[in-house]
Structure formats: structure tokens, C-alpha cells
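The values are calculated or read from the model by the stated rules, or taken from the named source; none is laboratory data. The model shown is predicted, which means the values in this text are computed figures rather than measured ones. As a convention, Cβ positions derive from the backbone with ideal geometry for all residues, glycine included, and neighbour counts pool all protein chains shown. We work out accessible area using only protein heavy atoms, side chains counted, and drop any ligands, DNA or RNA first. Shrake-Rupley method; radii C 1.70, N 1.55, O 1.52, S 1.80 Å.
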Amino acid sequence: MTQAMITLTQNAADHIKTLMAEAPAGQPVLGLRIGVKAGGCSGMSYFMEYAHEKNPAEDVIEDKGARIFIDPSAM
């Protein structure tokens, strides 16, 4: 059995579900995407955005009713 890259506390899962419920109307939100991009003090910074679709190389973590898409660059 492989271990998930991340696990969520119940509070974190609840917060993610709240963020998803507050998403702007329009496209359905499948979950939250996290990743890294150029910027910040170290040259890299984290980002979080609504995921409207799964990108082919992403890992998907489902924990306590919350779904997180992990951008390959964050691995």
C-alpha cells in the first residue's frame, strides 16, 4: 500500500469544502489545485486555485471529503 503525498486534518478538509462551496458560479469545481511557480524569496512560491478539470499528469488526493489536485511541478 502506498502512502498519500499529503493527508488532511479534519479542519483543513472542512476549510477546503467551504472554499469549494464559495467558488464563483459558472464552471463546476472539482477540487482545489496546488502547485509551485516561479517567484518568491527562494525563486519558487506555492499557488492554490480552483480545479475545473484534471490535468493529465496530476495526482488527485481525496481525504475526508475534500479533493486536491497536485500539479506535477509541486512533486
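Determine, from the Cβ-Cβ distance of LYS17 and MET48 and an R0 of 22 Å, the FRET efficiency 1/(1 + (r/R0)^6), rounded to the nearest 0.05.
The computed FRET efficiency comes out at 0.95.
Could you give the accessible area per residue of the chain, probe 1.4 Å, as a whole number in Å²?
With the other protein chains kept in place, the chain gives 69 Å² per residue.
Taking only DSSP H segments of four or more residues, each worth -39500 (n - 2.57), what value at 222 nm results for the chain once the sum is divided by all its residues, to the nearest 500 deg cm²/dmol?
The helix-only estimate for the chain comes to -5000 deg cm²/dmol at 222 nm.
Run the numbers for CYS41 and GLU62: contour at 0.36 nm per residue of separation, minus the present Cα-Cα distance, in nm.
Answer, rounded to one decimal: 4.5 nm.
Would you work out the charge dipole size for the chain about its Cα centre, treating the Cβ of every Lys and Arg as +1 and the Cβ of every Asp and Glu as -1, and quote it to the nearest 20 debye?
With Lys and Arg at +1 and Asp and Glu at -1, about 60 debye.
Tell me which label goes with the value of volume of the Cα convex hull per residue in Å³ computed from the coordinates here: [x] 121; [y] 103; [z] 91.
Looking at volume of the Cα convex hull per residue in Å³ for this model, the match is [x].
Could you pull out every one of the lysines with an alpha carbon less than 23 Å from that of LYS37, ignoring same-chain neighbours closer than 8 positions?
LYS54
Could you look at segment 1-69 and say what percent of its accessible area is carbon and sulfur, using a 1.4 Å probe and all protein chains?
56
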